[in-house]
Amino acid sequence: MTNTESDGALYERPLAVEAQIDRAVRLSRSDLQARLLITDWNDPGYLCSESFVHLVREGRRAGDQQLISAVLPVLLGRCEANLLVKVPDGGVPDAASLRQEILENLTDLFVADGTGDFPDELDFYECRFNKAFRALRIDAVRRDARRRKRSIAMVNLPPSEGAGEPGAYEDAFARVSESFRVLPTQEWDVFREPFMKAIEALPADEREAVILVHVLGYKEESEDPDEETAATRCNCTGRTIRNRLTRAAAKLSRFKEEL
């Protein structure tokens, strides 16, 4: 451990967690597989989430993809179950997307472990997983709330025909339609209005991603930290933007089938 508490002291795992990790790393792969499936907290064989984090990090250090593939999905499953309670459908707008974003943020920490500006960020998760994941969840919920409070005016759909610049409506429609391959050119005049209404009916985060990338022309993400992109505008990762675009494309494709 190299990361520290707010008072400068190094993170320390509770003794019970330390002892469990020592036992877990010595388990055979078959025994570990069996232990990973135990969900009863009161079962003596139950592995705490801190042990999961250590095993995944150990797998990364050792280049053991099999170990990572065995442990990480189970840990993410636990986190998903937690999020279904803490970020329930109906509790916040588009809760499913927010839950997915939180899980992606956690996964990104494992991918970036040992690299970047915060190479030891997972130390806290290995010592106090529930507290760390709660902070990750709360930060994501607050970011989402801030995004929704921001004025959407800058990324609204272009004005209807006859308002604003001539041809702006058709140009925006053309770019969105071409991007999603939903309607051929000859159908624009007939289905333009219903299609734009279908875009307006998308969940707010998906609609914002569509407009930013396919109408306003922002990149999904950039290696240049100073470049404004769809990801920086939405305060999320490029992967999250791509996931939103994928979901939007699926819904708009269904729109064509319903015509």
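Bear in mind these aren't lab numbers, they're just calculated from the coordinates by the rules spelled out. Predicted model, so just to flag it, every value in this text is computed and none were measured. Note that each Cβ is placed from the backbone with ideal geometry, even for glycine, and that neighbours are counted across all protein chains shown.
Worth a mention:
- Extension gain, residue 41 to residue 130, is 30.7 nm, computed as 0.36 nm per intervening residue step minus the present C-alpha separation.
- Label-to-label distance for residue 96 and residue 222 is 3.3 nm, based on points extended 7 Å past Cα in the beta-carbon direction.
- Placing unit charges on the Cβ atoms of the charged side chains and taking the dipole of segment 12-89 about its Cα centre, the candidate lying farthest along the positive direction among 56, 81, 20 is 56.
- Between residue 115 and residue 250, the distance separating the two model label sites (each 7 Å from Cα on the Cα→Cβ line) works out to 2.8 nm.
- Placing a pseudo-label 7 Å from each Cα along the Cα-to-Cβ vector at residue 33 and residue 197 gives an inter-label distance of 5.4 nm.
- Net length available on complete extension from residue 16 to residue 80 is 20.5 nm, with 0.36 nm assigned per residue and the Cα-Cα distance removed.
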